[in-house]
1. Once the piece of chain linking LYS224 and PHE112 is laid out straight, how much longer is it, given 0.36 nm per residue of separation minus the C-alpha distance between them?
2. Considering Cα pairs under 8 angstrom that are at least six residues apart, work out the relative contact order of the range 2-256 and quote it in whole percent.
3. Need one number for the chain: average projected area of the convex hull over its C-alpha atoms, nm².
4. What FRET efficiency comes out for the pair ASP152/LEU187, r = Cβ-Cβ distance, R0 = 45 Å, nearest 0.05?
5. Exposed loop sites here are trypsin sites (Lys or Arg not before Pro) in DSSP loop states with at most 10 other C-beta atoms within 10 Å. What is the longest stretch of the chain lacking them?
Amino acid sequence: MLDAGINAGQHEGGGKSLEIRRFGFNLDHGGVNGGLKVLVDGVGQNQTTQGHGQGYLGSLKSLTPELIEEATLINGPFSPEYGDFSGLGVVHIKLRESLPDTLTLRLQGGSFGTWRGFAAASPRLASGDALIAYEGSFTNGPFLNPLRYRRDNLTGSWTRHLNEHETLGFRFIGSLSGFYSSGQVPLDEVSKGRLDRFGYVDPNDGGRVHSATTSMYWRHEGGKGEVLKIDGFIARSLFDLYSNFTFYLWRWHPATRFQAAGRL
């Protein structure tokens, strides 16, 4: 996405939302400084009611790469069609409704105890398309306090062609994840050699995320290319974040650095 001026990073153990930047503007987790609006099959991903608020994009962690069919980009400023959080553009991600193969299996591994598995079934239907897919992954990362970042994603889709002009579709996306993190360590302590740059202040920093989205749509395609689409969705997200903000205690009283913790 660098060609589009979008830079996406990560911090706090992998379970939190991506850090989004575009054209030099820091959008935090997607919503500040105008925001970058992201939709998946018409369902808005910028959630004001989750995490930091301000358009939090944590739900993007529930997407499985193999299921993305295409992504289109609209540049800002605020588009009247999309409204809030579209100040620096809109990204619309379209997911597949079927896969080329009836059965797909993939297993990957890497350094730091990293593994990833993908399994999907896409049966052939006479009057529609269907798929069900699971993605599981785990990594410890290079940190002295292992990340123990585990994510499980489940995606299901069913589409029925009612006739040559009408289509009815349903989709479910669910995700569970848990993680520990090294946190945002004080750099002055790292520069003085008293704290490893892969170290930590509190070994209990981390979090867990549970999310699910169920959506449906009805689409009518006219003979002259016109399209009428009606869709709706129900989403639920639970986000627990455990962060220690008492760095000053560690800096001045190392012996008491684990005795007080601020929880968010």
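Any read-out appearing in this document is the output of simple, stated calculations on the displayed coordinates, not a laboratory observation. Because the structure is predicted, anything quoted here is derived from the model rather than measured. Reconstructed Cβ throughout: ideal geometry from the backbone, glycine too, with neighbour counts over all protein chains shown.
1. On the way: separation 112, 0.36 × 112 = 40.32 nm, distance 5.55 nm.
Length gained between LYS224 and PHE112: 34.8 nm.
2. Working: 609 pairs, mean separation 33.7, N = 255.
Worked out over the range 2-256, it gives 13 percent.
3. Details: hull surface 65.0 nm².
Approximately 16.3 nm², given one-decimal rounding.
4. Working: r = 34 Å, r/R0 = 0.76.
Calculated value: 0.85.
5. On the way: sites that count: LYS192, LYS224, ARG263.
My reading of the result: 1-191 is the longest stretch.
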